[in-house]
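The numbers here are math on the coordinates, done by the rules we state, and not lab data. As the structure is a computational prediction, the values presented were derived from the model and not from experiment. Methodologically, a virtual Cβ is constructed for each residue, glycine included, from the backbone with ideal geometry; neighbour enumeration extends over all protein chains shown.
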Amino acid sequence: MDAIALIPFALITTFTPGPNNILAASVGLRSGYRKALPLLLGIAMGFTVVFLGCSMISTALVTSPLITKVLKVIGSLYIGYLAWHTWTASFTAVPVYETEAGGFFRGLLLQVVNIKVIMYGITIYATFLSAMPKTIWYALISAFSFALLSFLSTTSWALCGHLIARYTPSARVMKGIQALLAVALALIAIDMLIS
């Protein structure tokens, strides 16, 4: 394992904007960190499941462009739905936080169709961890480690959204930020379809 290359790759891939982080920021902005926590836990659990799957079948997925194309379409449609939901979400002046947060199952489902996480897992297991012993213990330890990194990332983004909501007195400014997050999700969905 080349840790010198793996660590920066993992940090950059996990903490840069993507469906998980943008949704976490959006829910943190709308509902506050505490109500975003079930979503964040769902993302972490889904991340673990996807990474376990990627560790077991990374070679098969890499060699099947049809599976990759189907995952891209399904993932982009779901992320497009999240963008629409983010765009149309309403809230009142801060810090009310009464809107429905994302929820555990929404976070879990996002991982199953999130092509960024799937390709991230395949890349990790097909390259950086290809020499890793093929045992369930190594797969579990690596999947939980990357899920913890993902949880730290989404928590950071949700807390940023929460702090923006708490210290921004204008609902208009918050709606503008919400619109930017929705556009970012939509651009990710479009990019997934055309790449």
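The modelled label-to-label distance between Trp137 and Met56, using points 7 Å beyond Cα along the C-beta direction, is 1.9 nm. Projected label points at Leu66 and Leu109, each 7 Å from Cα along the beta carbon direction, are separated by 2.7 nanometres. Extension gain, Asp191 to Leu148: 0.36 nm times the residue separation minus the Cα-Cα distance gives 12.8 nm. Rounded to the nearest 0.05, the FRET efficiency derived from the C-beta distance between Tyr167 and Leu41 at R0 = 22 Å is 0.30. Going from the fewest other Cβ atoms within 10 Å to the most, the residues Arg172, Arg34 appear in the order Arg172, Arg34. Couplings 3J(HN,Hα) of the range 135-149, computed from phi: 10, 5, 5, 5, 5, 5, 4, 5, 5, 5, 5, 6, 5, 5, 4 Hz, in residue order, whole Hz [Karplus 6.51 cos²θ - 1.76 cosθ + 1.60, θ = phi - 60°; x for Gly and Pro]. The order of Ser145, Ser76, going from fewest to most other C-beta atoms within 10 Å of their C-beta, is Ser145, Ser76. Whole-Hz Karplus values for the range 117-128 come out as 5, 5, 5, 4, x, 4, 4, 4, 7, 7, 10, 4 Hz, taken residue by residue from phi with 6.51 cos²θ - 1.76 cosθ + 1.60 and θ = phi - 60°; glycine and proline positions read x. The alpha-carbon of Lys69 sits under 21 angstrom from the alpha-carbons of these lysines, leaving out residues fewer than 8 places away in its chain: Lys116. Sequence-ordered 3J(HN,Hα) estimates for the range 156-168 from the Karplus curve with 6.51, -1.76 and 1.60 and θ = phi - 60° stand at 4, 5, 5, 5, 4, x, 4, 5, 4, 5, 5, 9, 10 Hz, glycine and proline given as x.
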